[in-house]
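S.K.: Let me give you the structure first, and then I'll get to my questions.
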Amino acid sequence: MVANNNYFIYNAFIVNEGKIFLGDVLIQQGKIANVYKERSPIVDICMENDTMFVDASNKYLLPGVIDSHVHFREPGLTHKGSFVSESKAALAGGVTSIMDMPNTIPQTTSINEWKNKTQLATNKMYTNYAFYIAASDTNLEELNQIDTKQVCGIKLFMGSSTGNMLVSDSRVLEEIVKHHKVPLVAHCEDENMIKEQIEKMKSIYGENIPIDKHPLIRSEEACFISSEKLVQLAQKYNTQVHILHISTEKELSLFSKKYPQITGEVCVAYLFFDQSQYEQLGTKIKCNPAIKTKNDQTALIRALSEETIYTIASDHAPHTAAEKDNTYLKAPSGIPMVQHTLPLMLELYNQKQIKLQTIVEKMCHAPARLFQIEKRGFIRKDYFADLVLVDIRENHRVTPESIYYQCGWSPFEQKEIHARIEKTFVNGILAYDQGNFVKKPTGKPLYFDR
């Protein structure tokens, strides 16, 4: 631990803004003091006496991942996860900033609950953090009073949710799309279609619906109809909307360069699993929207390189093993992911399915631009030193012992990943170093340049 957070990371392959180059980064008092694209003699670099040297030879230095879609479960669901446990897992995965969703207990549907949640996170988060406020049929006035500098976005549920967070009133939906002041992110599945399919399956199987029927219940068409409805509204009013966890090839047709303000997110589970794996993994991979066909998986991976998909996120949603080990209707939806998102994307790089520059664009630069995050997401002078050093040649196996989630399990257990997160810097602090964590939480609230 260096008192003033001064580091000189040298001889790294730096991946930033579409380029990979050999260089050095000087960190002073929590920020990037300079980026050296050509090796300079050490005597020519102005650094403090307490500077710690980090040899990054044969390793890659990336901006810290900004995961704009997580469920850390606090408050109210801390038997599944907490700010402390899940932010430490994120650090181990190279994630330096997160944006947490509103479906906790109580739900974050008011400015007062948002303030309470933000206060609760103080001194608990190892990553930087921000929180969404959920839209509902009854909180338009609250949404109009959002602090645009501190609230990351509005979460819009157009498919099954809990409590009162489902927006079902078309008039309210149109007002939200027309007038929102912060980024609008949306879970798009048609509620009525889902209910109809559940009843249909119950008529056949009773309460014991097989897990492999999940992609039929939460179908391609349910996703497309809901996403299309929102896209058409955004086009009508020429406003921004970001559709979360795209799971089908068909939905990709909704995005075009003609409407750059309408963007989509893919979550890593949809890039690694397909419906054939329900037989082996069962409800462990039950998530909403459902994991669908191999063709969908292939199309989503291809869409990243074709620039159809704007961001990559985790949709980290931990549940206890006991909760997941249940029948289809009783097992909750969600997969713990945040520790393994970047390593899995590096696995796709090693399989020659995606470029390193694309990974950094979708996981670091694009979230920073979309949400207008102040001085994060890029390796630039005077930006906060949120950085991750990765070894793309060192293999590791996902084991229960290596998992930092409070829930203690992952659907990727025993998977061999051909990349390893070595060090993670948050606000210039070496917060994670080869299995060792800084003693005190290092995260700060995110602020937005709006």
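Quick note: the coordinates plus some simple rules give every number you see, no bench work behind them. Every value quoted in this text rests on a predicted model; they were computed, and no experiment measured them. Every residue, glycine as well, gets a Cβ built from its backbone with ideal geometry; the counts of neighbours run over all protein chains shown.
S.K.: Spin-label point model (7 Å from Cα, Cβ direction): what's the LYS444 to ILE20 distance in nm?
M.R.: Result for the modelled spin labels: 3.1 nm.
S.K.: Above 26 angstrom, tally the Cα pairs of the range 65-371 and express them as a % of all pairs, no decimals. Display every interim value, and only then the final one.
M.R.: Details: 19822 of 46971 pairs.
Distances greater than 26 Å cover 42 percent of the Cα pairs.
S.K.: Still on this structure: With each pseudo-label sitting 7 Å past Cα toward Cβ, what's the THR239-TYR259 distance in nm, one decimal?
M.R.: Each label point is offset 7 Å from its Cα along the Cβ direction, giving 1.3 nm.
S.K.: I need LEU281, LEU156 ordered by Cβ neighbour count within 10 Å, fewest first. Walk me through the intermediate numbers first.
M.R.: Details: LEU281 15, LEU156 26.
So the ranking, lowest neighbour count to highest, is LEU281, LEU156.
S.K.: Using amide H atoms built 1.01 Å from N in the peptide plane, name the residues 5+ places from ILE335, or on other chains, whose amide H lies under 5 Å from its own.
M.R.: ALA317
S.K.: Hey, what do the phi angles of the range 397-414 turn into as Karplus ³J(HN,Hα) couplings, whole Hz, using 6.51/-1.76/1.60 and θ = phi - 60°, x for Gly and Pro?
M.R.: 10, 6, 10, x, 5, 8, 8, 9, 4, 4, 5, x, 9, 8, x, 9, 4, 6
S.K.: Counting pairs of Cα atoms in the range 42-188, how many percent are more than 22 Å apart? All intermediate terms of the calculation are to be shown ahead of the outcome.
M.R.: On the way: 5122 of 10731 pairs.
The answer is 48 percent, as a whole percent.
S.K.: Subtract the Cα-Cα distance of LYS375 and GLU394 from 0.36 nm times their separation in residues, and report this length gain in nm to one decimal. Working shown, then result.
M.R.: Details: separation 19, 0.36 × 19 = 6.84 nm, distance 3.10 nm.
Length difference between fully extended and current span is 3.7 nm.
S.K.: Take TYR205 and ASP325, extend 7 Å from each Cα along the Cα→Cβ direction, and tell me the distance between the two endpoints in nm.
M.R.: Output for this residue pair reads 2.0 nm.
S.K.: For a Förster distance of 35 Å, can you work out the FRET efficiency between the beta-carbons of LYS415 and GLU307, rounded to the nearest 0.05? Working shown, then result.
M.R.: Working: r = 28 Å, r/R0 = 0.81.
That pair, LYS415 with GLU307, gives E of 0.80.
S.K.: Ok, one more. Long-range amide H contacts for LEU446: which residues qualify at under 5 Å (H placed 1.01 Å from N, peptide plane, sequence gap of 5 or more or a different chain)?
M.R.: Residues meeting the criterion, in which the H sits 1.01 Å from N, are TYR129, ALA130.
S.K.: In addition: Just to confirm the number: angle between the C-alpha axis of helix 191-205 and the first principal axis of the chain, 0 to 90 degrees, nearest 10?
M.R.: Computed tilt is about 70 degrees.
S.K.: Still on this model: Residue-wise, which Karplus ³J(HN,Hα) couplings in Hz belong to the range 238-246, taking 6.51 cos²θ - 1.76 cosθ + 1.60, θ = phi - 60°, and x for glycine or proline?
M.R.: 6, 10, 7, 8, 10, 8, 7, 5, 4
S.K.: Continuing with the same structure: At R0 = 41 Å, how high is the FRET efficiency between ASP382 and GLU228 if r is their beta carbon distance? Nearest 0.05 is fine. Could the numbers behind the result be given before it?
M.R.: Working: r = 42 Å, r/R0 = 1.03.
It comes to 0.45.
S.K.: Right, something else. Would you please give the FRET efficiency between ASP137 and LYS37, computed as 1/(1 + (r/R0)^6) with r the Cβ-Cβ distance and R0 = 60 Å, to the nearest 0.05? Intermediate results must be reported in sequence, preceding the final value.
M.R.: On the way: r = 53 Å, r/R0 = 0.88.
E(calc), rounded to 0.05, equals 0.70.
S.K.: Using θ = phi - 60° and the Karplus curve 6.51 cos²θ - 1.76 cosθ + 1.60, what whole-Hz ³J(HN,Hα) does each residue of the range 123-129 get, with Gly and Pro shown as x?
M.R.: Result, rounded to whole Hz: 6, 10, 9, 7, 10, 5, 8.
S.K.: For the chain, take the longest principal axis of its alpha carbons; what is the angle in degrees between that and the long axis of helix 111-121, to the nearest 10 within 0 to 90?
M.R.: 40
S.K.: Where in the range 115-142 is the amide nitrogen less than 19 Å from a point lying 7 Å along the Cα-to-Cβ axis of GLU174?
M.R.: Residues 136-141 fall inside that zone.
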